[in-house]
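See below for the structure under consideration.
We did not get these values from a lab; they are worked out from the coordinates using the rules stated. Bear in mind that the values here come from a model prediction, so they are computed numbers and not experimental data. Positions of Cβ are backbone-derived with ideal geometry, glycine not excepted, and every protein chain shown enters the neighbour counts.
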């Protein structure tokens, strides 16, 4: 958890960026990302130096070369002077000159270092406008104990949260408590290979990594498992360079050394190298209407004949999974009940060709303030041989926050999220723990629950008969208040008794007068 003092410092730097003319929150985070990367490079170089000194051998991997860069006045600047540990002690003017004219060219040209994050730095631009602001940001980052994975991860998450609070580019940020719920329900294991084909800031991948650290700590005791975690487990695609930089840094700060975060237009590029490669898909892709056939990947059109991005993404999820692989993905409501041939076909595939496990209906306010669209989470397993028996439905009505544009918490912080222990009264404000609990017994007790309950199961045959309609309202039953019908003679008797009471009352009133 971040301290209040640290949050205040971050807020102060944020306000300084705005005052300096940088109003786009993505640009603010991008500039801070570069500085964090510079610090990380210096720390990695220091580790290599210490290792070489311990072993009495030359350094195996020099991040900062010997000599000078040959840029600027004279013979250039020594690479040694570009290291964070040296830069942070310079006066603001000197620091500004070094970073803008020497460090950033170095970052852009170091892609051959071999990590995905170094490759994303090829487009790095330095836009901090003044030496004073640069010095202020460097001082902030210098105060943060970066050896503490939780602290630096929380720092980055706090900054990313400002994207949503600023109301700009919010499509890149799924609420973290919703992500955590989906990961909790999927329960990733040490051997999983996880992909988000529209990864943005890598929120799903980060949450999956944190789940594994908490629930499978022994995976880090084994070299093969640890290497799998750092290099083979996490994969994210995006076609926005800023998102790739921010997302890969988010993974790095959360302790994943070399994730596969790469440029890819998931709906336009073929997927020959990725088809059937992954055991778990976690995603909330942007749904932007329709694409032209000419710009759509032919292997996706072979699965579903449609120009609708939401249907093409569903086809993509199926294609990326290996048999037995699972998916938890957010879709707009139209996917569940759309009447076009393509809509019905994608639902038929989920129910008949694979195993549709569950649908969680989300309230429309979950993605406010930047979107009010109605959505749902779809859970399925790729089998290529069917297997749908009963489909589990849950009507999520409260997620712990108000469903208006303000999204204020309705409960204390320890009562928010899927792991909170709540009373019945608190459940009315946060359904997430109930979802996680009932999901685990969807093949047992949940099958006995009535259709009037918040969650229930529907047999495959009923869904097939309904043209594969997956809208919860199609199957949910509403409790109607019953009216008691009385015999006419009882009503007449009550009226006569009332008439008598009124007569007695009038007589008493006349006597008083």
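Structure summary
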| read-out | value |
| --- | --- |
| Taking 179, 261 and counting other C-beta atoms within 10 Å, the order from fewest to most | 179, 261 |
| Between segment 224-267 and segment 60-109, the alpha-carbon center distance in angstrom | 27 |
| Cα gyration tensor shape for segment 170-475, rounded if a/c is under 1.5, else prolate or oblate | rounded |
| Neighbour-count ranking [beta-carbon atoms within 10 angstrom, fewest first] of 102, 228 | 228, 102 |
| Inter-probe distance in nm under a simple model that places probes 7 Å from Cα toward Cβ, at residue 452 and residue 231 | 6.0 |
| Alpha-carbon spread of segment 354-474, three principal axes, descending order, Å | 44, 31, 27 |
| Segment 248-281 residues near the modelled residue 293 label - backbone nitrogen below 17 Å, point 7 Å along Cα→Cβ | 268 |
| Calculated FRET efficiency for the pair residue 89/residue 221, C-beta based, R₀ 51 Å, to 0.05 | 0.85 |
| Residue 11 paired with residue 132, simple spin-label distance in nm, labels 7 Å along Cα-to-beta-carbon | 2.2 |
| The chain: angle of helix 131-142 to the longest principal axis, Cα-based, in degrees nearest 10 | 70 |
| Which of 299, 139 has the fewest Cβ neighbours within 10 Å, and the rest in rising order | 139, 299 |
| At q = 0.15, 0.25, 0.27 Å⁻¹, base-10 log of I(q)/I(0) for segment 265-345 (Debye sum, equal scatterers on each alpha carbon) | -0.50, -1.36, -1.48 |
| Segment 1-144: C-alpha gyration tensor shape, a/c 1.5 cut-off, then a/b vs b/c | prolate |
| Angle between the chain longest axis and helix 203-215 axis [Cα atoms, degrees, rounded to 10] | 90 |
| The chain - share of DSSP beta bridges that are antiparallel (%, nearest 5) | 55 |
| Amide N proximity, segment 1-31 versus residue 43 label position 7 Å along Cα-to-Cβ, cut-off under 15 Å | none |
| Residues in segment 312-339 reached by a label modelled at residue 371 [backbone nitrogen below 14 Å; 7 Å Cα→Cβ] | 313-314, 329-335 |
| Global geometry of segment 174-238, whether rounded, prolate or oblate, following the gyration tensor of its Cα atoms and the 1.5 cut on a/c | oblate |
| Proportion of all alpha-carbon pairs of the chain beyond 32 Å (%) | 51 |
| Between segment 1-46 and segment 341-409, the Cα center-to-center distance that results, in Å | 35 |
| Relative contact order (percent, whole number), the chain, Cα cutoff 8 Å, 6+ residue spacing | 10 |
| Unit Cα scatterers, Debye sum, segment 166-301: log10 I(q)/I(0) for q = 0.08, 0.16 Å⁻¹ | -0.21, -0.83 |
| Label-point separation in nm, residue 341 to residue 139, each point 7 Å along Cα→Cβ | 6.7 |
| Tilt relative to the chain, helix 241-253 - C-alpha long axis, 0 to 90 degrees, to 10 | 90 |
